[in-house]
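Below: one structure, written as structure tokens.
Read-outs: derived from the displayed coordinates by stated rules, not from any lab. Computed from a prediction, not measured in an experiment: that's the story for all the values here. Quick reminder, even Gly has a Cβ in these numbers, built from the backbone with ideal geometry, and neighbours come from all protein chains shown.
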Ligand code: CUA
């Protein structure tokens, strides 16, 4: 090969490599990582991207070089010279991809294994919260987070202490949902009848969106919550306030307000007494007007709307949006919810 050809090929490769690298680096492709797992996934992403840029530069340089240097003249109808195989070349273009693909598999396998690893807290560990387990329940169209290690405190936002490994145990009450926090870098399905797991070690304080990423019904697009990563002391204070305020010392079962949250009502409705601000379903602060439109006494209307949601559908909302699964609520819980809603909407 002539020296001039080598220089041309290298120059073309440098140009194409630089162009591809600019596209990779100048555009923000990924959200800023907020967990150790996302950092590892980002590493795999950039490892593979670097290999892709090198191969793209090589292939593009050879193609463009060939197009200009081996171009046939306008009147040249002759066949090209016969070319036989080139054993050395074939060995190289088999061996190089084999090495690259093997390297990618090894890096990916190591990252997957480390991302699923849950460290056990050693006795007398400086961080007694580790490992933290959170039960995540998905249903149309809300998320509920429960902390079995902390008196079953429940929350409609995912609260996590920073730098603490947490294991999410996901389940679904009705259909398939999927848990996704882009900044944490992972997705995991929530499947009825199964418990799936996801390990997260948040590395910076902040609030990030929790998104349902499995088409699960009419309210899918708005099945969102928030993940709030807080300092360890703030988290401990929150847990303490939950355990003091929520269950008022045994007996009586869960409060109506916590029933409202644990059944996911706050995922779709606005209701001041429960601090709910969603707008997928009708505003429950206006239940009195809605009962009037439906032509029914308030409490009867509320009860019917929970167990048989399609009997009356508020104008402006599609039929079938409210899940019918609440017909199975225990009588005592249903009674508690009805009086909670009736009392709150009269305020
Ligand atoms: Cu739940 Cu989409």
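Summary of packing: across the peptides 204-215, 132-143, 323-334, 21-32, the per-residue average of other C-beta atoms within 10 Å ranks them, highest first, as 132-143, 204-215, 323-334, 21-32. Semi-axes of the equivalent ellipsoid for the chain, computed as √(5λ) from the eigenvalues of its C-alpha gyration tensor and ordered from largest down, come to 58, 27, 16 Å.
Available extension along the chain between residue 146 and residue 327 is 62.9 nm, counting 0.36 nm per residue and deducting the alpha carbon span.
Highest mean first, the peptides 85-92, 113-120 sorted by other C-beta atoms within 10 Å per residue fall in the order 113-120, 85-92. Looking at the chain alone, DSSP beta bridges between its own residues are antiparallel in about 70 percent of cases. For the listed peptides 73-81, 261-269, a ranking on the average number of other beta carbons within 10 Å per residue, highest first, reads 261-269, 73-81.
When the helix-only estimate is applied to the chain (DSSP H runs of n ≥ 4, each -39,500 (n - 2.57), divided by the residue count), what is the mean residue ellipticity at 222 nm, nearest 500 deg cm²/dmol? So the helix-based figure for the chain works out to -14000 deg cm²/dmol.
Ranked by how many other Cβ atoms sit within 10 Å of their own Cβ, fewest first, the residues 171, 345 fall in the order 171, 345. When a/c reaches 1.5 or more, the comparison of a/b and b/c decides; with that in mind, is region 265-347 rounded, prolate or oblate per its Cα gyration tensor? Rounded, since a/c falls under 1.5.
DSSP beta bridges fully contained in region 114-238 are about 70 percent antiparallel. Averaging the sequence gap over all C-alpha pairs within less than 8 Å and six or more residues apart, then dividing by the number of residues, gives the chain a relative contact order of 13 percent. For region 204-347, the gyration tensor built on C-alpha atoms gives an oblate shape. Its axis ratio a/c (a ≥ b ≥ c) is at least 1.5, and a/b is not larger than b/c. Each residue in 71, 40, 169, 293 was given a count of other beta-carbon atoms within 10 angstrom of its own, and listing them fewest first yields 71, 293, 169, 40. Approximating the spin labels as points 7 Å out from Cα along Cα→Cβ, the residue 51-to-residue 101 distance works out to 1.0 nm. Highest GNM mean-square fluctuation among 37, 292, 186, for the chain modelled with Cα contacts below 10 Å: 292.
The stretch between residue 288 and residue 11, if pulled fully straight at 0.36 nm per residue, gains 92.2 nm over its current Cα-Cα span.
Subtracting the Cα-Cα distance of residue 2 and residue 224 from 0.36 nm times their residue separation leaves 73.7 nm of extension gain.
Shape of region 40-97 from the C-alpha gyration tensor: oblate (a/c of 1.5 or more and a/b not above b/c, with a ≥ b ≥ c the square roots of its eigenvalues).
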